[in-house]
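In what follows, a structure is listed as structure tokens, so that the remarks can point back to it.
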Protein chains: 4
Amino acid sequence: MSKMKAAIVEGFGEEFQVKDAEIPEPGPGQVLVKLIASGVCHTDLHAAEGDWPVKPKLPLIPGHEGVGIVEKLGEGVTEVALGDMIGNAWLASACGHCQYCRTGWETLCEAQSNGGYSVDGSFGQYMLVDSRYAAHIPEGSDPHEIAPVLCAGVTVFKGLKMTEVKPGQWVAISGIGGLGHIAVQYAVAMGMRVIAIDVADDKLALASKHGAEITVNAFAQDPAEIIQQKVGGTHGVLVTAVHPKAFGQAIGMTRRGGTIVFNGLPAGDFPAPIFDIVLKGLTIRGSIVGTRQDMIEALEFYAAGKIKPTFHTRPLEDINAVFDEMRHGKIDGRVVIDYAGRA
Amino acid sequence: MSKMKAAIVEGFGEEFQVKDAEIPEPGPGQVLVKLIASGVCHTDLHAAEGDWPVKPKLPLIPGHEGVGIVEKLGEGVTEVALGDMIGNAWLASACGHCQYCRTGWETLCEAQSNGGYSVDGSFGQYMLVDSRYAAHIPEGSDPHEIAPVLCAGVTVFKGLKMTEVKPGQWVAISGIGGLGHIAVQYAVAMGMRVIAIDVADDKLALASKHGAEITVNAFAQDPAEIIQQKVGGTHGVLVTAVHPKAFGQAIGMTRRGGTIVFNGLPAGDFPAPIFDIVLKGLTIRGSIVGTRQDMIEALEFYAAGKIKPTFHTRPLEDINAVFDEMRHGKIDGRVVIDYAGRA
Amino acid sequence: MSKMKAAIVEGFGEEFQVKDAEIPEPGPGQVLVKLIASGVCHTDLHAAEGDWPVKPKLPLIPGHEGVGIVEKLGEGVTEVALGDMIGNAWLASACGHCQYCRTGWETLCEAQSNGGYSVDGSFGQYMLVDSRYAAHIPEGSDPHEIAPVLCAGVTVFKGLKMTEVKPGQWVAISGIGGLGHIAVQYAVAMGMRVIAIDVADDKLALASKHGAEITVNAFAQDPAEIIQQKVGGTHGVLVTAVHPKAFGQAIGMTRRGGTIVFNGLPAGDFPAPIFDIVLKGLTIRGSIVGTRQDMIEALEFYAAGKIKPTFHTRPLEDINAVFDEMRHGKIDGRVVIDYAGRA
Amino acid sequence: MSKMKAAIVEGFGEEFQVKDAEIPEPGPGQVLVKLIASGVCHTDLHAAEGDWPVKPKLPLIPGHEGVGIVEKLGEGVTEVALGDMIGNAWLASACGHCQYCRTGWETLCEAQSNGGYSVDGSFGQYMLVDSRYAAHIPEGSDPHEIAPVLCAGVTVFKGLKMTEVKPGQWVAISGIGGLGHIAVQYAVAMGMRVIAIDVADDKLALASKHGAEITVNAFAQDPAEIIQQKVGGTHGVLVTAVHPKAFGQAIGMTRRGGTIVFNGLPAGDFPAPIFDIVLKGLTIRGSIVGTRQDMIEALEFYAAGKIKPTFHTRPLEDINAVFDEMRHGKIDGRVVIDYAGRA
Ligand SMILES: [Zn+2]
Ligand SMILES: [Zn+2]
Ligand SMILES: [Zn+2]
Ligand SMILES: [Zn+2]
Ligand SMILES: [Zn+2]
Ligand SMILES: [Zn+2]
Ligand SMILES: [Zn+2]
Ligand SMILES: [Zn+2]
């Protein structure tokens, strides 16, 4: 039992090596988790390709939507017990005492570590989790189905909070992919009225099924025009799409005084039209993943039956194929790696 | 008494004509004001040149920082009396019942009229003011000194509110001109700790005099670097400078989770770096002038002795020269047109 | 057509006189409405009995949940047209320019008039409505069913907002009568998780039908104990019950940092335990009806199919019997006076 | 060096025993502090007398406004170094992971320990401090003068925040004693306009010196009447007085929509007038001490020269006399125990 199978990045832009690795030992405060499932996130692709200014560790086991069972406790672990079902997260740990950690904003901690990026993650049969930042999976959860909540779910849930859209008000969700189709469900559960924007009719149909009241195919129509005409602009916009065109459209879709939240991390600049932003009193805001509190709440919405991610299971061996499909935008909902023989 | 002297724009980009005009008659809800003083705002220049997509009326008497005495009441005026000292404002009137007017956000009203833009303003010896949107000048005020509060003052005061910087936190004020030197004073009076940024040392000295604790000459130094090093970034930034470079600097000056408020209306786009905005959890926001409530509060700060605009009086006949100086950035503080023989 | 039937209070504590009265003429800004339906509110009872320190006009036609069709326009009406279906409200009018009116808090305007209290209301075949404060009934509404939204609905909707309970958090609703059974529906529609408290099992069953996840019969059990045990206390409590015992229980039901909102207007004091309030960081807050904006939102929730008041229609002639039943707590849901021959 | 002098409570209601005690050993995460000064708080009196439902440890060394130098580090201390000047606090430690600790509300943590109550405090020559919850004393501070900031200062600072009074708005501070005279200074530094209420003219004179614009002697005049007449009611009230009459007055002093914050912990109930609370839309709120973030900010205001507590030093041997004076309301400002030979 001292070896496990894992998908390892050895150089940026290279294929994953799926091979044997050492099962790690939990240090103080850590626990060893035997994985059942792990979602695959766009961020894993950026990690593997070394896209961002701050590079991940190498060699790297990516993955930050992992769910499994605690098999071993490090020293001083009090909040997690053997046999618990827990998850890892992008926010793998934080310092606990900086200005951000002190005020419920640990997602901004400058000393944070990140799952599957600065520390190894869930693309292997075992992973280490900091017990203080572990996600506790609610009883009765389907581990494969809940996996995407650990990043996609908490990210859009927090993003929706940051739009400051109130129950009964309109929110536009731009991009109905892995993040967006879950965002529609959270928005509906939060009492918001939802307009979904995408360029694919099947994704818009999924949004309608989850409760979007209006859908706009941005390939065929100008979403800004439609939305201004139908509801006078939305109170908020959540931009999960990475296409730069989506950012400009978001400005046009918003009602005066509204808020646009960017939930993705594309490289490059967005040409922000200052005149419009000032005249219309707009707010533009970035939001990344969520805190421990956001995570608990996001998981509770799942447990209450409000959130049902669309996912497809794949074995770890398919990891390179999965990333190819992701590169070509061919993935519906979320891919979840299966370690339990369910795939 | 049926004629008055006024500075009139007859065609965009043309010189002002200073000549005789009819003294207008107050309609229902309006009052006729004999002017004592009027500040000159950058917006007046944009109006006279027809710079913005929605054009002002023509011919136009600009001016929205006018202070004077009520000489005549229109029908149904209840909130203003003969002899009152009142001011006009950019927000000359609003509909009173739309979603914005209902919720204390009349500055976003789509049916608003604007002083010295869609209705005639304060660049003449008389002006009409909608009594429901009049600014009531507190007793004991110096009419020339308070004039700049009517637009510059309320604009930066509201802008500072929108930064959501709390007492004891740091705000950077970018640009210490007509708006910025008043912003420093409001920020100090609101309990904020102030960092002033400009490219002119005399303006920075003025900022220090008004209570700025740190000043940065952006010509000589990189404000982002200095500010990150000295205070770890500010909680908020108020951008009153119109130079596009100021927008990018603002991103760099801000602490994670901070808010940048744009207070000016330059044309053109600002290249917003999405990756940084998301990773640092930044908020970027536009803010324009202020509501009736903001105006009352802004004037109260003046009455409490906390705000002292720097200004120079000029006769109305100098208006073309004043605008030339404004075009060349030669104005210190604010120019105030004098109608009372004080200049 | 110059006479109408109306239920008139001629002296406090006396029976209603149901008799002929003059149909009023709309003054400037007012409209004449031919009533279809009017809800009956507890406040009407307080008005008729002169219970409160500030007395209503006499003789008085009570009623502030009236729905009907605009038959005549006063001078200067722009926001309402002949044939529109509109409602009156407790907030019959406000001054439009005081500190509260300026900031979206017209419910606190000290110059407000109140429907069926300081001005005549909806307990007659016709009523006058200030067009600026009229409630616009959404197309497709059932006028009898929507009537209770005009006071009961907007009151609990605003009260729930004032609890500051966020989607996914727990709210306790104390008292499942005319207000409470609608509060459960708004809370669910706003994404809150609901615990209902009452002393009658049939009311608790109604709460469950509308989505309450937990119900407590306060006659049989201690709600504070049950709620602390099941969910660790709620984030907010909405007290619609007028029994003084309900106030003390509310303190006990709340989680640290939680907010208790009083929505009723009982006479007398509530013994607030300061030590607990400070130690647990509690907030106690009063909330009365709602603004024009709250009304529009409350009606939109109805139009979206989220709110379905339980009501029984009665003819105007039954008014004295209805008030007797109200005095003895015998009313389920809401009584709605029918003027359209539906009862 | 293994013995120290300390003031020890051996039984509730008994006199302090000033005698030798063991110098404690710092456990993991703790540091040993050699005291220079310690403020004396009303809470210490409640502790010594066992007034509250949850009793402190016995024997007990009270005191939670202690300032001193770190002399010894326990295992795993990273945030505090030998020689640092630090303080203890009422919030001696918290769990770090509950719903309150996760969201910047550790003052509500149900697993907190309290300085000089559930753990020994600063009424001795040495004390232990949890390094994660230590107050870091800013460079250049006077240790005796800053001591009262550690509880009195942070308590009123947080209390003022909880009034939600904005810069330029009015706050009433009820009671100008140990807490209140510091509250006036924080309120002024936060940009609020201050009305001070007390029954002693010398305390009101102190309030004026610190910037209160209006003072009311509640023995001679009705503060509610004066305040309504002079400013139309305040936006907020901070109640530091423990006299029950102060609570009722606070309701009367407040403007509609205003907030009253209780900062003290008297036993007994306050008869809250529900009708007024609802009609006027008031908020009543309890607030206790402050979080680590509040502490840092409160200390920064001191370091910026905005806060100057009035205090008198006394030797530890006077402790019983000091408590007698406190029982009889004879203390001006704050008493600070001196361990450094300054008294
Ligand atoms: Zn941190
Ligand atoms: Zn992710
Ligand atoms: Zn409007
Ligand atoms: Zn201007
Ligand atoms: Zn009612
Ligand atoms: Zn009003
Ligand atoms: Zn204390
Ligand atoms: Zn805790």
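Structure above, values below:
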read-out	value
Residue that is surrounded by the fewest Cβ atoms within 10 Å (Cβ to Cβ) [pool: residues in the stretch C:95-113 that are within 7 Å of ligand 6 (Cβ to nearest atom) and hydrophobic (A, V, I, L, M, F, W, C)]	C:ALA111
The stretch A:146-173, residues that are under 29 Å from C:ALA298 (Cα atoms) and in contact with a Phe, Trp or Tyr (Cβ under 9 Å, 6 or more places away or on another chain)	A:VAL156, A:PHE157, A:GLY159, A:LEU160, A:PRO167, A:GLY168
Yes/no for C:ALA207 being modelled with pLDDT under 95 and either over 30 Å from D:LYS245 (Cβ atoms) or loosely packed, with under 15 Cβ neighbours inside 10 Å (or both)	no
Selected residue [within 12 Å of chain D (Cβ to nearest Cβ) and either crowded, with 24+ Cβ neighbours inside 10 Å or under 10 Å from the mean Cα position of the chain (by Cα) (or both)] from B:ALA187, B:ALA147	B:ALA187
Unmet requirement for D:ALA135, which otherwise passes all of (1) under 15 Å from D:ASN263 (Cβ atoms); (2) within 17 Å of the chain's Cα centre (by Cα)	(1)
C:GLU75, sole failed condition from (1) away from chain B (no Cβ under 14 Å); (2) touching a Gly at 6+ places or on another chain (Cβ under 9 Å); (3) surrounded by fewer than 18 Cβ atoms within 10 Å (Cβ to Cβ)	(1)
Unique residue being away from ligand 1 (no atom under 16 Å from the Cβ) and more than 24 Å from the chain's Cα centre (by Cα) when the list is D:LEU35, D:LEU58, D:LEU73	D:LEU73
Condition broken by B:THR107, with the remaining ones in (1) hydroxyl-bearing (Ser, Thr, Tyr); (2) assigned to a loop (DSSP other than H, G, I, E, B); (3) under 19 Å from the mean Cα position of the chain (by Cα) satisfied	(2)
Residue match in the stretch A:63-84 (condition: in contact with a Cys (Cβ under 8 Å, 6 or more places away or on another chain) and either acidic (Asp, Glu) or modelled with pLDDT under 95 (or both))	yes
Every pair of residues 6+ apart whose Cβ atoms lie under 7 Å, when the first sits in the stretch C:133-147 and is part of a loop (DSSP other than H, G, I, E, B) while the second is of a type in the set (Val, Ile, Thr) and surrounded by fewer than 17 Cβ atoms within 10 Å (Cβ to Cβ)	none
Failed criterion for D:VAL184 (all others in (1) modelled with pLDDT of 95 or more; (2) among the aliphatic types (A, V, I, L, M); (3) not in a helix (DSSP H, G or I) hold)	(3)
The listed residue being within 14 Å of another protein chain (Cβ to nearest Cβ) and either out of contact with any Cys (no Cβ under 7 Å at 6 or more places or on another chain) or under 22 Å from D:ALA7 (Cβ atoms) (or both), out of D:GLY329, D:GLY305	D:GLY305
Residue in the stretch B:157-168 that is within 15 Å of B:GLY333 (Cα to Cα) and either under 13 Å from the mean Cα position of the chain (by Cα) or in a helix (DSSP H, G or I) (or both) present	no
Residues being surrounded by 19 or more Cβ atoms within 10 Å (Cβ to Cβ), part of a loop (DSSP other than H, G, I, E, B), at the interface with another protein chain (Cβ under 7 Å from one of its Cβ atoms) and touching a residue at least 60 places away in the same chain (Cβ under 8 Å) - total across the stretch B:265-289	3
One residue from A:ILE319, A:ILE331 being assigned by the TED database to the domain that holds A:HIS144, part of a loop (DSSP other than H, G, I, E, B) and either in contact (Cβ under 8 Å) with a residue 12 or more places away in the chain or surrounded by 20 or more Cβ atoms within 10 Å (Cβ to Cβ) (or both)	A:ILE331
Set A:GLN221, A:GLN228: member being touching a residue at least 12 places away in the same chain (Cβ under 8 Å), surrounded by fewer than 20 Cβ atoms within 10 Å (Cβ to Cβ) and of a type in the set (S, T, N, Q)	A:GLN228
Residue selected from the stretch D:231-241 under the condition assigned to a loop (DSSP other than H, G, I, E, B) and within 27 Å of the chain's Cα centre (by Cα), by the criterion surrounded by the fewest Cβ atoms within 10 Å (Cβ to Cβ)	D:GLY233
Listing of strands (runs of 3 or more DSSP E) fully contained in the stretch D:9-92 that carry 1 or more residues being charged (D, E, K, R)	D:17-22, D:30-39, D:66-73
Pick from the stretch C:92-106, criterion in contact (Cβ under 8 Å) with a residue 40 or more places away in the chain and within 12 Å of chain B (Cβ to nearest Cβ), ranking: farthest from ligand 5 (Cβ to nearest atom)	C:GLY104
Selection from the stretch C:1-53 of residues that are free of Cβ contacts under 8 Å to residues at least 60 places away in the same chain, surrounded by fewer than 19 Cβ atoms within 10 Å (Cβ to Cβ) and under 22 Å from C:LEU91 (Cβ atoms)	C:PRO28, C:GLU49, C:GLY50, C:PRO53
Tally, over the stretch D:116-132, of residues that are within 24 Å of D:LYS19 (Cα to Cα) and either out of contact with any His (no Cβ under 7 Å at 6 or more places or on another chain) or part of a helix (DSSP H, G or I) (or both)	11
In the stretch D:249-294, residue nearest to the chain's Cα centre (by Cα) [restricted to those that are at pLDDT 95 or above and within 17 Å of C:PHE247 (Cα to Cα)]	D:GLY286
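The values are calculated or read from the model by the stated rules, or taken from the named source; none is laboratory data. Keep in mind that what you see is a predicted model, and the values were worked out from it rather than measured. Note that each Cβ is placed from the backbone with ideal geometry, even for glycine, and that neighbours are counted across all protein chains shown.
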